[in-house]
Amino acid sequence: MATHRAVLGVLQALKDRLDLRLPALTGGNPKALILGSQALATAPAGENLGIYLHRIAVDPFARNRYLAPAENRRQRRPELPVNLHVLLIGWSTKNDSEVGYLAAAMQIIGSALTLDVSHLGSADSGWDEHEAVQVLPEEMSTEDLMRLWDSLPGDYRLSSPYLIKTLRLAPDEEPAEAPLVRTLVYPAGTTHAARVEGEA
């Protein structure tokens, strides 16, 4: 079951996949970059394909799933399924390269790209061998895409929206519960501290 580290781990796994295939398809030496919001305000140096995470949302179709109770616990644990909404951004001073990098990335991902424990295990040791996420094209109208860019620093750049689903985050574990105290014995007529019944 994934932890919070898997969010960045998934983005890194996608970056690694694109770094492996982009040069072979484009004939150049483009690099995939994981972008933060401030990086959008200024153009990174070199020839790049940007990966920008603009939203993390709870998956409404995968809620209400529970894990078995942990050891020494009674209640089942709710998992948190999240989807990652990303933009792939062609980033180059040359128009043909900008188009080529984004088109090549779209070809690499195709209709769906699966990332499993072989890609993500090093980022998050909590990943189970049966867990996987898919990178899928996301439907977004031109109006919604323009509205998204209007809220971001920097000017519009050629981009395409993608969805990474579904990341199943494990609940945060509290410290193990101690056994319940059944009886407290206070000796009469002494100043000794209270002793729990059964102690030596």
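The values are calculated or read from the model by the stated rules, or taken from the named source; none is laboratory data. The structure displayed is predicted, hence computed values, not measured ones. Glycine gets a Cβ as well: all are built from the backbone with ideal geometry, and neighbour counts include every protein chain shown.
Looking across Ile108, Ile89, one residue alone is touching a residue at least 60 places away in the same chain (Cβ under 8 Å), outside any strand (DSSP E or B), under 20 Å from Leu53 (Cα atoms) and β-branched (Val, Ile, Thr). It is Ile108.
Of the residues contained in the stretch 159-170, none is found to be of a type outside the set (S, T, N, Q) and without any contact (Cβ under 8 Å) to a residue 12 or more places away in the chain.
Looking at the stretch 2-21, is at least one residue closer than 22 Å to Pro171 by Cα and modelled with pLDDT under 85? Yes, the stretch 2-21 contains at least one residue that is closer than 22 Å to Pro171 by Cα and modelled with pLDDT under 85.
Taking the criterion of being hydrophobic (A, V, I, L, M, F, W, C) and surrounded by fewer than 19 Cβ atoms within 10 Å (Cβ to Cβ), the residues of the stretch 83-107 that qualify are Val99, Ala103, Met106.
Out of the residues in the stretch 108-135 that are farther than 24 Å from Gly28 by Cα and in contact with a Lys or Arg (Cβ under 7 Å, 6 or more places away or on another chain), which is surrounded by the most Cβ atoms within 10 Å (Cβ to Cβ)? In this case the residue turns out to be Val133. Within the stretch 17-43, the set of residues being of a type outside the set (S, T, N, Q), outside any strand (DSSP E or B) and surrounded by 14 or more Cβ atoms within 10 Å (Cβ to Cβ) comprises Arg17, Leu18, Asp19, Arg21, Leu22, Pro23, Leu25, Gly28, Pro30, Ala39, Leu40, Ala43.
For the stretch 119-131, indicate whether the set of residues that are over 25 Å from Ala2 (Cα atoms) and modelled with pLDDT under 95 is non-empty. Within the stretch 119-131 (the criterion being over 25 Å from Ala2 (Cα atoms) and modelled with pLDDT under 95), the answer is no, since none of the residues qualifies.
Annotation note: Cβ proximity below 7 Å between a residue of the stretch 123-135 that is over 23 Å from Tyr162 (Cβ atoms) and a residue that is hydroxyl-bearing (Ser, Thr, Tyr) (sequence gap 6+ or interchain) occurs for Gly126/Thr3.
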